[in-house]
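Visitor: Dropping a structure here in structure tokens format, bear with me for questions.
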Amino acid sequence: MKYRASRAAAMGLLFALSIVLSFAESALIPPLPVPGLKIGLSNIVTMYCLFCMGRREAYMIAVLKSMFVLFTRGAVGAAMSLAGGLASVTVMLLLGAEREKRSFLFISVCGGLAHNAGQLFTAAAVLKSAMVFYYFPALALFGIAMGVLTGVLLRSLMPHFKRIFF
């Protein structure tokens with residue numbers, strides 16, 4: 001029983017951290033020239049959950065983050081967050097199965113690209129137009145760069161997370 005309670009507490013703290021990182025990113029980083037682009041600092045928490053806690057916890061964080069977006073930005077934002085988050089976790093999970101052969105950096109970049117793809121498919125469905133896919137090159141370049149950034153940050157923060165949560 002104690003193990004489940006401590007795991008639930010850790011998940012609550014990780015979810016709160018993801019929300020704080022999202023707010024900090026919105027407050028501290030000026031708007032980017034291409035609409036809709038975000039660095040995605042809160043994805044560090046999702047990756048940590050996937051690599052250190054398990055797939056169930058990573059999916060749970062992705063869903064909780066989407067619920068938070070629903071309350072703060074509305075249904076379309078939540079749908080895009082959910083599609084991107086689930087696509088990202090799924091791709092990272094598939095690539096992470098042989099993590100010894102792949103780096104956090106590579107998995108993070110692929111997760112970022114999957115997140116962008118999930119959001120584009122959702123936008124295409126909402127707008128009923130495939131024109132949004134012309135946006136993919138800009139999103140892909142940014143996704144690669146931000147995947148590198150979040151992968152490097154996760155690698156740097158991993159010892160601190162492990163000390164706090166385990």
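Visitor: Report relative contact order for the chain in percent, whole number only (criteria: Cα-Cα under 8 Å, sequence separation at least 6).
Guide: Answer for the chain is 20 percent.
Visitor: About its Cα centre, how strong a charge dipole does the chain have in debye, to the nearest 20, once Lys and Arg get +1 and Asp and Glu get -1 at the Cβ?
Guide: 460
Visitor: Highest mean first, how do 150-162, 108-120 rank when packing is the count of other Cβ atoms within 10 Å averaged over residues?
Guide: Highest to lowest by the protection proxy: 108-120, 150-162.
Visitor: Taking the chain, how many lysine pairs are there with alpha carbons less than 23 Å apart, if each pair must be eight or more places apart or span two chains?
Guide: 4
Visitor: Here's another thing I want to ask about it. How far is it, in nm, from the label point at ALA24 to the one at ALA9 when both lie 7 Å from their Cα along the line to the Cβ?
Guide: 2.2
Visitor: Quick one: Debye curve from the alpha-carbon atoms of segment 2-162 only, equal weights, vacuum; give me log10 I(q)/I(0) at q = 0.14, 0.20 Å⁻¹ to two decimals.
Guide: -0.68, -1.41
FYI, it's all coordinate maths here, none of it is from the lab. Quantities reported herein were computed from a predicted structural model and do not represent experimental measurements. Quick reminder, even Gly has a Cβ in these numbers, built from the backbone with ideal geometry, and neighbours come from all protein chains shown.
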